[in-house]
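Nothing in this text is a laboratory measurement; each read-out follows from the coordinates by a stated rule. The shown structure was predicted, so the numbers you read here are calculated from the model rather than taken from an experiment. Positions of Cβ are backbone-derived with ideal geometry, glycine not excepted, and every protein chain shown enters the neighbour counts.
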Ligand SMILES: C[S@@+](CC[C@H](N)C(=O)[O-])C[C@H]1O[C@@H](n2cnc3c(N)ncnc32)[C@H](O)[C@@H]1O
């Protein structure tokens, strides 16, 4: 799987790919951040830092960190103006209760252990902090089965149905506040899940 992202990093910033696939998702996260105005933001699975860079430019100047497992992606994220951390979402090298907003776009469905990642999100969030995850979700068992077949042997994508994403976050002690599809120009439409850590 890591090979996939090392290879993908060289073409990931293609203007059309960014415009039609990722831009709308990043817009949704920027809207959430702007309504909350968190002082610290951790962009998990930041890729080439396209969203990370936008977060560093928000008018209240939050402290933003980008984190990713892929060296190739992080090399290309150097432009983003945020400190970059090479680590896995399942083992965040981040202090307990230190982050006000975690953003995670198009990354959660790649994690081998989504429960461990959710537990890490809950651990590093401050009381009252939130996580905004946008990930591919399957809406029916047929959809899940088709996705498994379509990607067999080529990918380790783990697209959970929305109720399972909620369950994974709830098991980590996070309360889900919102879950909805994000309509972008290209299918599949991913699911936004916003959850919080109680104060
Ligand atoms: C499709 S890219 C999304 C990048 C960025 N968030 C965006 O919206 O453009 C998925 C990213 O997740 C990263 N990733 C995959 N598994 C990861 C893990 N376990 N921990 C941290 N990052 C991971 C990949 O290296 C890749 O950069």
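Points 7 angstrom from Cα along the Cβ direction at residue 15 and residue 182: gap in nanometres?
2.3 nm
Of the listed peptides 121-131, 30-40, what is their order by residue-averaged count of other C-beta atoms within 10 Å, with the highest listed first?
Sorting 121-131, 30-40 by mean packing, highest first, produces 121-131, 30-40.
Over all Cα pairs of the chain, how is the pair count split among 5 Å bins, expressed in % and running from 0 up to the last occupied bin?
1, 8, 16, 21, 23, 18, 9, 3, 1, 0
Once both labels are modelled 7 Å past Cα along the beta-carbon direction, what's the residue 163-residue 31 spacing in nm?
For the pair residue 163/residue 31, the computed spacing is 2.7 nm.
Under 10 Å, Cα contacts only: if you run a Gaussian network model on the chain, which one of 86, 76, 57 comes out with the highest mean-square fluctuation?
57
Just how far, in whole angstrom, is segment 111-134 from segment 15-47 if you go by their alpha carbon centroids?
About 16 Å separates the Cα centre of segment 15-47 from the one of segment 111-134.
Rounded to the nearest 500, what is the 222 nm mean residue ellipticity of the chain from helices alone, with -39500 (n - 2.57) per DSSP H run of 4+ residues and division by all residues?
-9500 deg cm²/dmol
Can you tell me the FRET efficiency between residue 113 and residue 198 if r is taken as the Cβ-Cβ distance and R0 is 30 Å, rounded to the nearest 0.05?
0.80
Given the options 84, 169, 58, state which has the largest fluctuation in a GNM of the chain using a 10 Å cut-off (strictly under) for Cα springs.
58
Test of understanding: extend the Cα→C-beta vector of residue 78 to 7 Å, then name every residue of segment 39-54 with backbone N under 17 Å from that spot.
Residues 47-50, 53 fall inside that zone.
Quick one: check the C-alpha center-to-center distance for segment 63-91 versus segment 158-187, whole angstrom.
Taking the Cα centre of each part, segment 63-91 and segment 158-187 sit 23 Å apart.
If contacts are Cα pairs under 8 angstrom and at least 6 residues apart, what is the relative contact order of the chain in percent?
Contact order relative to length: 20 percent.
Roughly speaking, what is the stretch gain from residue 98 to residue 4, that is 0.36 nm per residue apart minus the C-alpha to C-alpha distance, in nm to one decimal?
This chain segment gains 30.7 nm when fully extended.
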